Amino acid sequence: MDTFPKLLMHHAQVRGDRPAIREKDLGIWQTWTWREFADEVRALACALAAEGLKRGEHMAIVGDNRPRVYAALAAAQCLGAIPVPLYQDAVAAEMVFPIENAAIAHAFAEDQEQVDKLLEILPKCPSLTRIYYDDPRGLRHYAQAALVGYDKLLESGRASLARDPGFVDREIQKGQASDPAAMFFTSGTTGVPKGVVHTHASLIGPSRTAAELEKLGEDDVILAYLPPAWIGQNIFSCAQAFVTGYCICCPEAPETVMTDMREVGPTYYFAPPRVLEALLTQVSIRMDDASWIKRWFYHRFMAVASRVGGALLDGAPVSLLDRLLYGLGDLLVYGPLRNVLGMSRVRVGYTAGEAIGPDLFKFYRSIGINLKQLYGSTETAVFVCIQPNGQVRSDTVGPAVPGVELKFSPQRELLIRSPGLFTEYYKNPQATAAAKDADGFFHTGDAGFFAADGHVKIIDRVKDVGALSEGTLFAPKYLENKLKFFPYIKEAVCFGHARDKVCAFINIDPEAIGNWAEKRNMPYSGYTDLASRDEVYDLVRECIERVNADLSREAEIANSQIHRFLILHKELDADDEELTRTRKVRRGFVGEKYAALVEALYAGREAVHVEARVRYEDGRTGTFSADLKIRNAKTFAPAAAKRAA
Amino acid sequence: MSGRHIGGVMLSVENVSLSFGGVKALQEVSFDVREHEVRAIIGPNGAGKSSMLNVLNGVYHPQQGKIRFGEREFADMDSHEAAALGIARTFQNIALFKGMTVLDNIMTGRNLKMRCNFLQQALWIGPARREELKHRRAAEEIIDFLEIQHIRRTPVGRLPYGLQKRVELGRALAAEPKVLLLDEPMAGMNLEEKQDMCRFVLEVNDQFGTTLVLIEHDMGVVMDISDRVVVLDYGRKIADGSPEEVRKNQKVIDAYLGVAH
């Protein structure tokens, strides 16, 4: 069982009646067993073969987490074709490159929205001849010859399967572990996207190691809510499910994830820090609105949890009194809170993707959720480092997973050699050679070092770590994360490399600040209005000053306190290329785009006029102008802070 | 772009006049609605648009004139009669049960289709249970259609205005009407909400073949989505025809922009 199709057929045999995929449809959870899923995949594979999909060809897959999207992915793999999942929220133009790059002829789209995008780029992508779609809604009058509906596909597949029942199994047997299994386009923090080629072996290997490490089995359940085009989602809700036979649950709609999570009660959970942050913000907002008695209980018991919760989870010694207090808190606060978050059954929770604020991380662990950090990337099939139970820290990502070799270059760059390493960047030998050296080590671009206990510590991207003009280490992401822990701050961009001080752009969180404004009977019209209020500036300044006070206690970076800031007139947006599709700030791009604002910050001005081109979701562009205020924040002398402490 | 087939006249009013005391709301208005079409009624404030809709679904009883629905002819209609015939509507000021959830509000739209008596329903015995499941499925299909899964269990009163409008459309759809009367479905909405609503209205028309009669103030919307437009002014019909024809009609231009005296 060295390929995904072989694993799928194996599950259909040994646990045919166990749930493979669940989806909430018309308000009711519908289950597909492994046998049903395998049968559908078989028929689909037959139909795709009849449509002309061949071994070694690529097939684009654009859609949210849906059983049929997964079935299409598995069917392509059965035939030895290579699925290329694309981000479903990408605009049409972003899909041109992958489709042209891999000369893709077959594409699977979830619904009308995706079909429309593919049809839009059809003239630019002559290779694309077939577009399959799952949800027929709104597509009844589309007459394009390239379009084929899922039901029709399935029907023709079943018919041809009846004529030659052994066809798919013969195709599956031809597949080998060293064949490419999938290609993922990197989110493109820098330059053009690169297609990362993974074989069955490089995806199955790490998935299996990690599953054994965490003792994942067929009783586990996961909620598939992140974009399938991201390798993490593919690993958690596809590769590992195929390896262990656990059940994948697809939410009803993106807006219902919270409710679905509560209904499903996943035991295995992954969330990037931004999702955990958003959840905590919601909790904070709801607690602010709660009655005083609930607030009192919450604050009292959260103090207990933050003192001993993490230690209890780690199995460290805790006094009897604290145990009793925590037990009471669990009954009154933590248990209900876990339930509201849908995390009552979470046995293994991971967070990764970027550094997580220590307080944020501690919050989840303190209420008894076994959240751990892991480290990995698209090129390494996710699992490079995992924090073992009992060795969880907020500032490391854990030791290497068995089978993974790690070392650091003199520039502090992390280098990796592992069975999960990608084969190559598709049709890009130059980039491949740059990323993978002669010894087979992958250059991650992440800067870090080994902590005393052998855990890996990542501080920032190698290229982002800089220094202030007087020499102090400047790790912008570290500062930004500290700022983002405040519920009022959604995004921050810090500048300081080769400058005399650190200045910052702030994006306020419209939900949290909106709530705050409502409570003060402050009318406002929208984000831009809120962002320009003096009251909001004061609020943000207080947050920054608390970060500064914190920083003043850390000797090495005490000088990177934030001196001046402004609140941006718009939310940073992936559609404007200010964020990547995984919502990471593209600091360099933002710095260039708003160069005038950066200069104003350093020139000591009180306000700056901004005129910006904005791109709306429908692709139109417009201009916008406003005067942004600039404010100073108080900084603390390192020595003074020590005295105060 | 559309595969729907506009059929013959299914609903018409002939010489309808309606007055409240001395106020003449409608004066000898005649027009017809064809099967599967989107028919708009427009006019300045106080032109009698809502009164016309109220006549069509039996809230107001005209003093004069006839209403024809299919084979049948009425001097006036009763609301329950209109509902039983397959005429549903939404209101200018949302008329939902604010304290009830979205799902429950939509279920009330299935009321006319429920056959079990109070006792059966209260005891939740066989037929009542089967019936409830059937109607719940229909309601869920509407929830899916209108993309409001995430607010299924939310009390309507807590929803923003645009979503309440959508829920009201959902409740009207739950009755599986032949004719759907929409009283200013896009009033007070922002551009995005209007676009969404237009999409839903057109999809209702296209997918279920529902005939639509709508009152709307946004001329862009009216011109984009309706097949024929009737224009009222001071209770009289002043124009009737395709959006193009109506747009060019001098009387319509005068009614909207005013004329020099």
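The values are calculated or read from the model by the stated rules, or taken from the named source; none is laboratory data. Worth saying up front: this structure is predicted, and the values here are computed from it rather than measured. FYI the Cβ positions are ideal-geometry reconstructions off the backbone, even for glycines, and counts take in every protein chain you see.
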Checklist outcome for this item: In the set A:GLU277, A:GLU263, the lone residue that is touching a residue at least 40 places away in the same chain (Cβ under 8 Å) and either within 14 Å of another protein chain (Cβ to nearest Cβ) or over 26 Å from A:GLN373 (Cα atoms) (or both) is A:GLU263
Next on the checklist: Among (1) farther than 19 Å from A:ALA72 by Cα; (2) within 14 Å of another protein chain (Cβ to nearest Cβ); (3) surrounded by fewer than 16 Cβ atoms within 10 Å (Cβ to Cβ), there is one condition A:ARG163 misses while meeting the rest; what is its number?
Outcome noted: (2)
Checklist entry - Just for the stretch A:390-413: of the residues that are touching a His at 6+ places or on another chain (Cβ under 9 Å) and not acidic (Asp, Glu), which one is surrounded by the most Cβ atoms within 10 Å (Cβ to Cβ)? => result A:VAL397
Checklist entry - Taking the stretch A:105-120 only, how many residues are crowded, with 24+ Cβ neighbours inside 10 Å and closer than 21 Å to A:VAL197 by Cβ? => result 3
Next on the checklist: If I go through the stretch B:204-220 residue by residue, how many of them are touching a strand residue (DSSP E or B) at 6+ places or on another chain (Cβ under 7 Å) and more than 14 Å from every other protein chain (Cβ to nearest Cβ)?
Outcome noted: 7
Next on the checklist: Tell me yes or no: at least one residue of the stretch A:287-309 is within 14 Å of chain B (Cβ to nearest Cβ), over 30 Å from A:SER202 (Cβ atoms) and not small (Gly, Ala, Ser).
Outcome noted: yes
Checklist entry - Which condition breaks for B:VAL231 when tested against (1) assigned to a helix (DSSP H, G or I); (2) in contact with a helix residue (DSSP H, G or I) (Cβ under 6 Å, 6 or more places away or on another chain)? => result (1)
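A quick yes/no check of all residues on (1) within 14 Å of chain A (Cβ to nearest Cβ); (2) closer than 21 Å to B:ARG199 by Cβ; (3) surrounded by fewer than 16 Cβ atoms within 10 Å (Cβ to Cβ):
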| residue | (1), (2), (3) |
| --- | --- |
| B:GLY8 | no, no, yes |
| B:LEU11 | no, no, no |
| B:GLU14 | no, no, yes |
| B:GLU28 | no, no, yes |
| B:PHE31 | no, no, no |
| B:GLU35 | no, no, no |
| B:ARG39 | no, yes, no |
| B:GLY43 | no, no, no |
Checklist entry - Is at least one residue of the stretch A:86-99 in contact (Cβ under 8 Å) with a residue 60 or more places away in the chain, among the aliphatic types (A, V, I, L, M) and farther than 28 Å from B:LEU202 by Cα? => result yes
Checklist entry - Among the numbered criteria (1) assigned to a helix (DSSP H, G or I); (2) closer than 30 Å to B:ILE143 by Cα; (3) hydrophobic (A, V, I, L, M, F, W, C), which single criterion is violated by A:TRP29? => result (1)
Item to check | From the options A:ALA447, A:ALA475, residue that is assigned by TED's automatic domain parsing to the domain that holds A:VAL404 and either touching a Lys or Arg at 6+ places or on another chain (Cβ under 7 Å) or not hydroxyl-bearing (Ser, Thr, Tyr) (or both) | outcome: A:ALA447
Next on the checklist: Going residue by residue through the stretch A:577-600, is there one that turns out to be in contact with a His (Cβ under 8 Å, 6 or more places away or on another chain) and among the aliphatic types (A, V, I, L, M)?
Outcome noted: no
Next on the checklist: Can you find a residue that is of a type in the set (Ser, Thr, Tyr), surrounded by fewer than 18 Cβ atoms within 10 Å (Cβ to Cβ) and closer than 22 Å to A:ASP529 by Cβ anywhere in the stretch A:622-633?
Outcome noted: yes
Next on the checklist: Return the residues of the stretch A:227-246 that are among the hydrophobic types (A, V, I, L, M, F, W, C) and not in a loop (DSSP other than H, G, I, E, B); say none if nothing qualifies.
Outcome noted: A:ILE231, A:ILE235, A:PHE236, A:CYS238, A:ALA239, A:ALA241, A:PHE242, A:VAL243
Item to check | Subset of the stretch A:115-157 (residues that are farther than 21 Å from B:ARG199 by Cβ and either of a type in the set (A, V, I, L, M, F, W, C) or within 14 Å of chain B (Cβ to nearest Cβ) (or both)) | outcome: A:ILE121, A:LEU122, A:CYS125, A:LEU128, A:ILE131, A:ALA145, A:ALA146, A:VAL148, A:LEU153, A:LEU154
Checklist entry - Between a first residue in the stretch A:610-629 that is modelled with pLDDT under 75 and a second residue that is of a type in the set (Ser, Thr, Tyr), which pairs have beta carbons less than 8 Å apart while being 6 or more apart in sequence or on different chains? => result A:ALA612/A:THR623; A:ALA612/A:SER625; A:ARG613/A:THR621; A:ARG613/A:THR623; A:VAL614/A:THR621; A:VAL614/A:THR623; A:ARG615/A:THR621
Checklist outcome for this item: Within the stretch B:133-143, restricting to residues that are facing another protein chain (nearest Cβ under 9 Å) and crowded, with 18+ Cβ neighbours inside 10 Å, the one that is nearest to B:PRO44 (Cα to Cα) is B:ILE143
Checklist entry - Any residue at all in the stretch B:111-125 that is in contact (Cβ under 8 Å) with a residue 60 or more places away in the chain, outside the structural domain of B:LEU212 (by TED's automatic domain parsing) and surrounded by 13 or more Cβ atoms within 10 Å (Cβ to Cβ)? => result yes
Checklist entry - Just wondering, is there one or more residues in the stretch B:170-179 that are in a helix (DSSP H, G or I), closer than 20 Å to A:THR256 by Cβ and within 14 Å of chain A (Cβ to nearest Cβ)? => result yes
Checklist entry - Do you know which residues across the stretch A:196-226 are surrounded by 24 or more Cβ atoms within 10 Å (Cβ to Cβ), in a helix (DSSP H, G or I) and of a type in the set (Gly, Ala, Ser)? => result A:SER202, A:SER207, A:ALA210
Checklist entry - Of all residues in the stretch B:199-216, how many are surrounded by 23 or more Cβ atoms within 10 Å (Cβ to Cβ) and acidic (Asp, Glu)? => result 1
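A quick yes/no check of all residues on (1) in a helix (DSSP H, G or I); (2) crowded, with 22+ Cβ neighbours inside 10 Å; (3) at pLDDT 95 or above; (4) among the polar types (S, T, N, Q):
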{"residue": "A:HIS10", "(1), (2), (3), (4)": "yes, no, yes, no"}
{"residue": "A:ASP17", "(1), (2), (3), (4)": "no, no, yes, no"}
{"residue": "A:ALA60", "(1), (2), (3), (4)": "no, yes, yes, no"}
{"residue": "A:ALA71", "(1), (2), (3), (4)": "yes, yes, yes, no"}
Checklist outcome for this item: In the stretch A:1-33, anything under 22 Å from A:ALA181 (Cβ atoms) and small (Gly, Ala, Ser) is listed as A:ALA12, A:ALA20
Checklist entry - Across the stretch A:484-517, which residue is surrounded by the most Cβ atoms within 10 Å (Cβ to Cβ) among those that are among the charged types (D, E, K, R) and at pLDDT below 90? => result A:LYS484
Item to check | Close pairs from the stretch A:460-489: first without any contact (Cβ under 8 Å) to a residue 60 or more places away in the chain, partner among the β-branched types (Val, Ile, Thr) and surrounded by fewer than 20 Cβ atoms within 10 Å (Cβ to Cβ), Cβ under 8 Å, at least 6 apart | outcome: A:VAL465/A:ILE459
Item to check | Residues of the stretch B:144-159 classified as outside any loop (DSSP other than H, G, I, E, B), farther than 17 Å from A:ASP111 by Cα and more than 7 Å from every other protein chain (Cβ to nearest Cβ), total | outcome: 5
Checklist entry - For the stretch B:186-194, does any single residue satisfy the condition of being in a loop (DSSP other than H, G, I, E, B), surrounded by fewer than 18 Cβ atoms within 10 Å (Cβ to Cβ) and away from chain A (no Cβ under 14 Å)? => result yes
